Every structure is written in structure tokens, then in C-alpha cells.
Amino acid sequence: MAKNGDEVLNQTTQSVAAETKKREGKLKYGIIGTGWIAESHIQSLLKMDDVEIVALADLIPGKAEAFAEQWGVKGARYYPDHASMLKAEKLDAVSNCTYNVAHAQTTIDALNAGVNVLLEKPMCVTTEEAVEIMRAEKKSGKLLSIGFQPRMDENMKMIKRIVDSGVLGKIYYIQTGGGRRRGIPNSTFIEKSTGGIGAMGDIGCYSLDMVLNAIGYPKPLTVTGYTSNFFGTNPKYQRPDKFHTAAENAARFGVEDFAAAFVRLEGDIILDFRISWAMHLDTPGDTVILGTEGALRIPSTDCWNGTVGGAMTLYHDVAGEQTQTEIPILKTKEGLFDLKIRSFLDAVWDKGEPPIPSSQILYNQAIIDHIVKSAQLGKEIDVVIPEI
Ligand SMILES: NC(=O)c1ccc[n+]([C@@H]2O[C@H](COP(=O)([O-])OP(=O)(O)OC[C@H]3O[C@@H](n4cnc5c(N)ncnc54)[C@H](O)[C@@H]3O)[C@@H](O)[C@H]2O)c1
């Protein structure tokens, strides 16, 4: 049965606290944007001994205070926006939990203020924004990691291990994506002025990250993209929420609920991608990686959240016989969110490499942005990424 967006998000809940190395003192930590996903950040952060939540900012009056109260955060200071928080506080790091269109400015301002940033996915909305973020990152020398927690999943790591083992040979074609029959999240995700992009920014970026990370994030070269929003804009298929009727949500809907693309990647690899928040179908298909020596099938999830949907199958010839090998599901010991936050904190303490670097996610963002641009133009376009 199809799951709704809330159930997808519940899969980000935490289990036990990730292991913490002994650290002298605590990082002074802030949260920008105290909405839905900030709840997952705070739950993980509160388990970490080496962090003190000292400041929270949100544009909606009283929201940061109510959030702190709900999660038992004591002694923090509250701000009406990220800029006033960055001006008044001397922070070591922030979680950037704003909606997509605010990602770029808030991250750039935090980096310019000398603060390390854990930025929620997607990186931002456009290629140009991603480039501006990376310029600020480079100039500041601060650490920026993008919040793709499925990377912490052992099965996701296994996909990369399989590719790296060489068992697939030269990879030449990848089909990825997924989605839901009915699963439009509404909230701030559906308005152009807050979400900026729709299903691609919410769930498509995960499926792109799954395969692009596995094959070493080759540069995208050209994109033929298509987007539509037949379901989100139709009250018949919309849902009411706490604040809006179905008709109001249909009227607010300004992003894509479906996207498809054909992308040429460096290394002569074709990426065939599709993602859906709503359609008359349960899934647009499994993820498939075709190589000259073998192929990997990664079952689609009921409702795409970037983890694998079941045991993967490796198709290969053994001594001349066509053979299928099932890859058993691996257990991830700790909650993905705990691991995402922990790996970021450790990188901040150790002045290490970002767990999920912008240099990779730039290509993820560029693909999404060029799908939007190609769809608007109705033709294939070259991927243009300005110099960082
Ligand atoms: N990693 C995950 O599993 C996951 C899951 C859901 C959402 N997300 C991502 O998290 C982000 C936020 O999603 P959400 O559902 O929490 O959205 P939300 O609308 O519930 O919360 C965003 C909050 O940011 C605040 N905000 C915006 N600009 C601000 C600014 N300049 N200063 C201070 N506050 C500001 C808004 O007022 C709002 O309260 C999105 O980019 C989304 O893609 C990630």
C-alpha cells in the first residue's frame, strides 16, 4: 500500500545515540528554521554530549520558542531570522533547516560569518545558487555538509561497494527514480516561493545521490527534461491539511509533481530518471545499473525516501551461466539521522572533510536545475556550471 509523506519522514527517526568520542568542551550550535525537519535534527543533537544548543531562529514569531519548549531545550536565545542570529552569536556550527529557496542565502551568510553548516537537502534550487554557496564555502574555509542521511545506510554503501568491486564492469546505463501513487506533502514544499522545486527537491535528489555517489559523481553533460503538475494543481487529487482546503492547496501548487529526464554523464554513461509525488501507478520502476560484466537491480520503495526497498539482485554470468545473486539486506546499527549529525560534528571537531561534500552535490543540483530549464525550453540543453 502506498504510504503518505509523513510515513516517509518517520523513517528518519532515530534509534540509539551514535557513539561520541570524548571531546573537551561543547560546540556552540544554532538551528536556522525550526520547522518539520528541525525536529529530527534536535532529537539527534540532544543525544550528543559535545553540543550545546545556544540559539534558534525562525521567521515565524514564537515558532523557535515553542520548538525549544517542545523539545526541552533550556537557556537558548531566539531570533526572528538567521541574519540577526549570526550577527549576535559566536557559533561553531548550525543546522540549516530552512525550506529550499532559503538554503542559499542562509548558508552563504552562515559561512561568511565563520560558521560550519549542515545544510538540509536539496542543496538549493538552482545551479547558480549552488555555485554561490561553494564560493562562500571556499572563501570561508569553513565546513559544509549536505544532509543526505541515506548515505549512512549500510545498503546504500553496499551499492557503492558493488560498483567499486568491478563486478559490473564498465557502467553504461542507469535507470533511477521512483515515487508514489499519491504522496504530495503539501506544507511549504508545494509553493514556488518556498519549495522552489517539488518532487525533485523532496525525493528525486535522493535517487540521484544513490546512483551518482555509487559511480563517483561524474559530471552531467546534457539534459533532456520534462516536468508536470497535473495532480498537485487538481483539487480532485489534492488533500486538505491543517491550514488549507484541498482547493487551496491546488491553487498554491507551483512546483512539479512529476519529472523525467535523459541525462548524459561524463564517461559515456546514460542516466534515465523519473520521480513522482503522484501518478496513476504504484512505482515508475526499480533502480537498475547496467554494466558490461553485470547488472544490479535495486527494488523501488513503496514511497521513495532514498533507502533500498528490498534485497538487491546482481545479474552476472558465472562460468558461462546466466546467474542471479541476491544481496542480503544489511542492518544499519544506528539511526541514519544520528549518524548524519554525528559525522558532521566529528568533521567540525577534527577539521576533517565534510561527510557529504558540496563538490558532489553540485552535480545533483545541476541535473535537477537543468531538468527544469530543459522542460521550460522543450529541448535538450548542455549543462552549464560556472567556475567556482
Ligand atoms: N533529510 C530529510 O529527511 C528531510 C526531510 C524533510 C525535509 N527535509 C528538508 O528540510 C528543509 C525544510 O523542510 P521542513 O519540512 O522542515 O520545512 P518547514 O517549512 O516546516 O520549515 C522551514 C522553516 O524555516 C524557516 N525559515 C525560512 N527562512 C528562514 C530564515 N531566513 N531564518 C530563519 N528561519 C527561516 C521557516 O519559517 C520555517 O519555519 C527542506 O529543504 C526539505 O527538503 C529534509
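Taken together, the values in this text are just the output of simple stated rules run on the coordinates, not laboratory data. Here the structure is a predicted model, which is why all the values come from computation and not from measurement. Neighbour counts run over all protein chains shown; Cβ positions are idealised from the backbone, glycine included.
Take the Cα of D282, go 7 Å toward its beta carbon, and the backbone nitrogen atoms of the range 157-201 under 14 Å from that spot belong to 179-182.
Extending 7 Å from the Cα toward the beta-carbon at both E128 and K236 defines two label points whose distance is 3.8 nm. Here the extension length gained between I270 and Y173 equals 34.4 nm, from 0.36 nm per residue of separation less the Cα-Cα distance.
A dipole drawn for the range 201-326 from +1 and -1 charges on Cβ atoms has a positive end, and of M312, I215, L271 the residue lying farthest that way is L271.
Once you mark the chymotrypsin sites (Phe, Trp or Tyr not before Pro) that are in a DSSP loop and have at most 15 other Cβ atoms within 10 Å, what is the longest gap between them in the chain? My reading of the result: 1-229 is the longest stretch.
In the range 109-203, the C-alpha radius of gyration followed by the widest Cα-Cα span (Dmax) gives 17.1, 46 angstrom. Across the range 180-213, the residues whose backbone nitrogen lies under 13 Å from the label position 7 Å along the beta-carbon direction of D164 are 213.
Nearest 500 deg cm²/dmol is fine: what mean residue ellipticity at 222 nm does the chain get from its DSSP H runs of n ≥ 4 alone, each adding -39,500 (n - 2.57), divided by its residue count? Walk me through the intermediate numbers first.
On the way: 11 runs with 120 residues, N = 388.
About -9500 deg cm²/dmol.
Checking the Cα-Cα distances for K160/K219; K219/K351; K138/K379; K160/K192; K74/K139; K74/K331 against a 29 Å cut-off, the pairs over it are K138/K379; K160/K192; K74/K139; K74/K331.
Shape analysis of the range 191-341 places it in the prolate category; the axes a ≥ b ≥ c from the Cα gyration tensor give an a/c of at least 1.5, with a/b above b/c. Rounded to 0.05, the FRET efficiency of the Q70 and K90 pair, given R0 = 30 Å and the Cβ-Cβ distance, is 0.70.
Taking 0.36 nm per residue of sequence separation and removing the Cα-Cα distance, the K22/W36 pair yields an extension gain of 2.0 nm. Here the spin labels are modelled as points 7 Å beyond Cα on the Cα-Cβ line, and at R77 and S193 they lie 3.1 nm apart.
Stretch K379-K331 to full length: gain in nm at 0.36 nm per residue minus the Cα-Cα span?
13.0 nm
Kirkwood hydrodynamic radius, the range 291-388, all distinct C-alpha pairs: what's the number in Å? It is 17.9 Å. For the chain, the spread of Cα positions along the three principal axes, ordered from largest to smallest, is 66, 51, 43 Å. Annotation: average projected area of the range 38-171 is 10.3 square nanometres, based on the convex hull of Cα atoms across all directions. Taking θ as phi - 60° and the Karplus parameters 6.51, -1.76 and 1.60, the scalar couplings of the range 86-103 work out to 5, 6, 8, 10, 10, 9, 7, 7, 9, 8, 9, 10, 7, 6, 3, 5, 8, 4 Hz in sequence order, x denoting glycine and proline. Restricting the calculation to alpha carbons of the range 177-234 gives Rg and Dmax of 13.3, 39 angstrom.
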